[in-house]
Amino acid sequence: MTLADQRDRDRIERSLGETLFIEAGAGTGKTYQLVRRIVNLISGGEVQANEIAAITFTEKAAAELYDRILEELDQQREDAADPARRELFAAATEQLDHAAIETLHAFAGRILRLHPIEAGLPPGFRIVDESEASLKFDRRWEDALDDILENESLAEPLLAAFDRGLELDRLKELTRALHADWDRAESDAASLQAPDLSVAIAEVVAPVREVVSLRFECADHEDKLYQNLERIDRVLQHVQELADSDPSGVELRSFLADADFKVGPGRGGRAKPWGGAERVKEIKDLLKELAGIPDLVVAAAFESVLAPIHNALRDVVVAYADERRRAGELEFQDLLVRASRLLESNQAVASDIRQRFKRLLIDEFQDNDPLQTRIVDAITQGEQGRAFFVGDPKQSIYRFRRADIQQFNQVKREQEDGLTRLTQNFRSAPGVTDFVNAVFKPLMLDGGADQAAWEDLNPDRPPLEDGGRAVTVVGDEYEAQVDDVRVLEADALVRMIADMTTSRWQIYDKAEDCYRDARFADTAVLVPTRTGLKHVLPALEERDIPYRLESRSMVYDTREVRDLLNLLHALDDPTDQIALVAALRSAAFACADDDLYRWRRARGRWDYRRPVPQSIPEDDPVADSMRWLNRTAARRWEMSVSELVGCAIRERRLMELAVVERQPRERWARYRFLLDQARAFCDDGGSTLSDFLAWAEHQAAADTRVIESVVPEEDHDAVRIMTIHAAKGLEFPIVVFAGLNTQPRSDPPSLLWSETGRPEIRLGGNLETPGFARLRAREEKLQEDEYVRRNYVAATRARDHLIVSLYRKAGQKCDARLITEALQRSDAPCRRLGHDQIPDPPRIEPSADALIETDTPANRDRWIAEREEAIRRLTALPRESATGVARLADSEPTRLDHRPNHEPDDELPPWRRGRAGTAIGRATHAVLQVIDLSDADPGQIESVANAQAAAESLSGPAARRVAQLAARATRSAVVAEAVAAGRYWRELYAAVEIDGVLLDGFIDLLYELPNGNLVVVDYKTDALQSGESVAAAVERYRLQAASYALILEESLGRTVERCVLLLLEPNQEQEIAELPQAISDVRSILSGANR
């Protein structure tokens, strides 16, 4: 069947000399098309691989793109019949390591490293990551604040602002905003100059004076509307007089502080004196429209106060940017600014980069900084075919990172001749795409010119096999508090998730190319912000439904992390009584409320430095906790922050205590996460506990802005929970879209930029510049538009089933209400379920009866004795490894080694146990042992491969080869089957006694089939021997694989159905034929060798 957009796809692959601008809808295979274009550019001789720059939004996307290009080049080389073509693709594979397949920031850094002197940078400059940058900014702000407060020229403006309610935190907030936009702040237009106050006030009040002049139409001066207009006019006259007489604005600000200055229709206004009721209504409507004028008068009066404060903060961030340049410590934004300025100002540099990179391909164009366009333009100089843009404006959700949909639309207009659209969706079932089209098309069209243009998604997949509805909508409007509504929502969603498994919802398994029963791991709960999870997580735990949090900001909001941070706060500040009591009540100390009450009744103080009251016994839990806190606080100066966090986790037995909780694995992961964060903090130069706690609070407050995912436990069948931003670029069989009852943020930003580059600022209350209100209104409109796009992103992550929760408080302005209204005016296909209609599967409670009956002291003593006897007997046996069985078969009969054997490879470091062979092989096995097989993240593969390669003293091409081999394994059908099976184990040591011989080995990958049988997978990383066929290599490994099968069948009493050799160098999977016979052969060899 021909695709609806086939002509556009052909254009992407074949029109290699054109500059194309691709609008690619969700799930339309844009990455595949990008790979095809790159490979065709290389294949057609247009460019060499190292002359390509492919710019992505994330490091993960860059690693995935690199891997897919490499895989396609390998495939082309294998398929090519012409030796010259094979050589071309082989060379391209080697050259690909030098291609710029990376994020925009990495590409900018590459440009600067090539020309540091021209950019005014030290040649050895380094890139400061976000966490270190945050710490450095805080330190710089502390110094700057001292200078600002001591600046005599700022004394009067600051006093006036403080008198109006200014807080120091507001100054820091504005400085941070200017710091993020320092390139804009550096321009002359960003310097605020207070205008003539008299002129400014006259301009502000002119519309009101025009309306109040209409009072002369009234025939009755006693009329209330007339009197209201007269009152407003008197105030306006006095305001103007003060502005005229005192240009500094001091008197005007003093008057406004006490005056009750309002503009409004007031009450009364009879029709007759005004010539009719219609005229009264017209005047009152005009007054309503001008109700914001008093705020603008205040803003004009305070502009002379705010301008010097802003300019001082502006000077701070501009100076700080130059300090970073001279020190050679660049933040991410510095890279873009410095690179774009270098290319635009130095034609020789631009020419050099243009010669190095003859093709620029930009992915996720809708989410990048406008500086990217300047970099691309400076390199390509508008030459046809040099640039290639891919993006989807409907998925533009990073305005807080300066992504600008208007910039996207502008470049789209400029590249109109190359506009190409991908609309054929390969991801989602038709029911999902039909729902998305019906709901989001009118919502986006309502956004007008500022919103993304709409293109329907055309489904390629057939309808669901069971014929059911792909989309289920739950929830309604309730006359209740928001928290009560969220409790209802959590109950509904948990019941729906439980029903997915008990009712055996069907999902399409791409790896197996068939439908199967849904598991918990097939489900992702997506939320706009973590607020929506407050009640969902406890409800999941109450139902014993496993889950894992995969967004970093969510982890900071969990009870375990909050409790541990409270403990650290108490250690950092002995006077923080709230943190101390919270820590005492946590699992770390387990002090009950009656313990705390008894302590307080005994006149105990909430300060661990104070002595324990005499009436409190020695073994009192509060007293014991206070002593530990006092000892640890005294020792804290001897430890780094990461050591202190580790000490708290270890000495308070937090990992052990998690065992008795629901979801212990998740709790372990959260403790490890915070410990890793403390290590990263120390690595970034952080030293004090106070700084770490402030940094952690900043990370937690980042909410959806923190998009990095926490590495999950990949063999854990658990519901995945993340923010929509973290889910971007991913897809899931089942998506539960929740948290839509969260109200939009109402707190305005501290800084907005006008079209002319003038900043409008706000420092709280009515402390804002005159143009801020207008820009804020536009900002709110743009933010609402982005919320629509964000919700579109969430809905389009679903492959088979989408569940949308519309639980909300009556009358509440929220996304749930917006989608409800869209549903009411569309025919979106979905199943609607009221709260009482949602299935409520029976809870499956784990039975503890068997454990209770067998867990007795006598049984435990018997088990220990049996274990010791088994160890004594087995260590006395001769030992042979699975890899050694083949050598036994090929050699003369010899007597086995009868020396005692102990724990396998116990003298080796952990990453070397069970691994022989080449350094590349050992490193590849190590990577495959620890990476997430279920989500084969190329970025993670590369990071782990680099670490393991370093452990084996590998570098350069050898290290990259490790990553390539590991990536091949993750893409294999057998590994995909293992992941889909749900129960699998890696680097599993297994041993069993066979006819008086201890046979043992490490199994690379073992998984369980739905029928209960087992499959053994053995990775082979070495290349075929010279002249050796694949069949001969399989025969060489036949007995080793059969030995693993024999160990498992004898020790577990389970059937090993298959043994698969994953030959990574020729990239083939080969199954051991006639496995039962091979197992029998191993048994015979061992029996003969032990005679």
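Values quoted throughout were computed directly from the atomic coordinates according to the rules given, and no laboratory measurement underlies them. Everything quoted here is computed from the prediction, not taken from an experiment. All Cβ positions, glycine included, derive from the backbone under ideal geometry; neighbour counts span all protein chains shown.
Per-structure values
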| item | result |
| --- | --- |
| Rg to Rh, two decimals, where the stretch 872-1089 supplies the alpha carbon set and Rh follows Kirkwood | 0.96 |
| Linear extension gain, Asp129 paired with Arg14, 0.36 nm per residue minus alpha-carbon span | 37.4 nm |
| Segment His221-Glu241, extension gain: residue separation times 0.36 nm, minus the distance between their alpha carbons | 4.7 nm |
| Cα-centre dipole for the stretch 150-300 with unit charges at Cβ (Lys and Arg positive, Asp and Glu negative), debye to 20 | 980 debye |
| Three-way shape call for the stretch 126-183 based on the alpha-carbon gyration tensor, with the a/c threshold at 1.5 | prolate |
| Estimated FRET transfer efficiency (Gln743, Val199; beta-carbon r; R0 45 Å; 0.05) | 0.65 |
| Centroid-to-centroid separation of the stretch 950-1020 and the stretch 336-367 [C-alpha atoms, Å] | 43 Å |
| Residues of the stretch 157-183 with amide N under 16 Å of the 7 Å Cα→Cβ point at His698 | 169-182 |
| Relative contact order (%) - criterion: Cα under 8 Å, at least six apart; region: the stretch 872-1089 | 22 percent |
| Debye, to nearest 20: dipole size of the chain, +1 on Lys, Arg Cβ, -1 on Asp, Glu Cβ | 440 debye |
| Distance-filtered residues of the stretch 653-690 - backbone nitrogen under 17 Å, label point 7 angstrom along Asp138 Cα→Cβ | 674-690 |
| Ordering of 240-251, 287-298 by burial proxy (mean other Cβ atoms within 10 Å per residue, highest first) | 287-298, 240-251 |
| Inter-part distance where the stretch 857-882 and the stretch 1-74 are each reduced to a Cα centre, Å | 59 Å |
| Alpha-carbon centroids, the stretch 562-588 and the stretch 264-331: separation in whole Å | 43 Å |
| Computed FRET value (nearest 0.05) for Asp624 with Asn859, which takes r as the C-beta separation and R₀ as 22 Å | 0.10 |
| Theoretical FRET efficiency, 1/(1+(r/R0)^6), r = Cβ-Cβ of Ala981 and Ser1080, R0 41 Å, to 0.05 | 0.90 |
| Relative contact order of the chain, pairs being alpha-carbon contacts under 8 Å that are 6 or more residues apart, as % | 13 percent |
| Under 29 Å from the Cα of Lys224 - lysines, other chains or at least 8 residues apart | Lys262, Lys272, Lys281, Lys284, Lys288 |
| Computed label-point distance, nm, for sites Arg672 and Glu651 using a 7 Å Cα→Cβ extension | 2.4 nm |
| Likely footprinting exposure, Glu78, Glu560, Glu414, fewest C-beta neighbours within 10 Å first | Glu78, Glu414, Glu560 |
| In range of the label at Lys272: residues from the stretch 219-235 whose backbone nitrogen is under 15 Å from the point 7 Å along Cα→Cβ | 219-224 |
| Label-point gap, in nm, between Trp753 and Ala602 - each point 7 angstrom along Cα→Cβ | 6.2 nm |
| Ascending count of other beta-carbon atoms within 10 Å, so fewest first, for His801, His238 | His238, His801 |
| Two-site label geometry, Asp82 and Ala777: point separation in nm, points 7 Å out along Cα→Cβ | 6.5 nm |
| Gained length - Val250 relative to Thr688, 0.36 nm times residue gap less alpha-carbon distance | 153.3 nm |
| Ratio of Rg to Rh over the stretch 338-474 (Cα coordinates, Kirkwood Rh, two decimals) | 1.09 |
| Long pairs among Lys30/Lys813; Lys60/Lys394; Lys358/Lys412; Lys136/Lys781; Lys412/Lys441; Lys441/Lys809, criterion Cα-Cα beyond 27 Å | Lys30/Lys813; Lys136/Lys781 |
| Radius of gyration, Dmax [the chain; alpha carbons; angstrom] | 34.3, 127 |
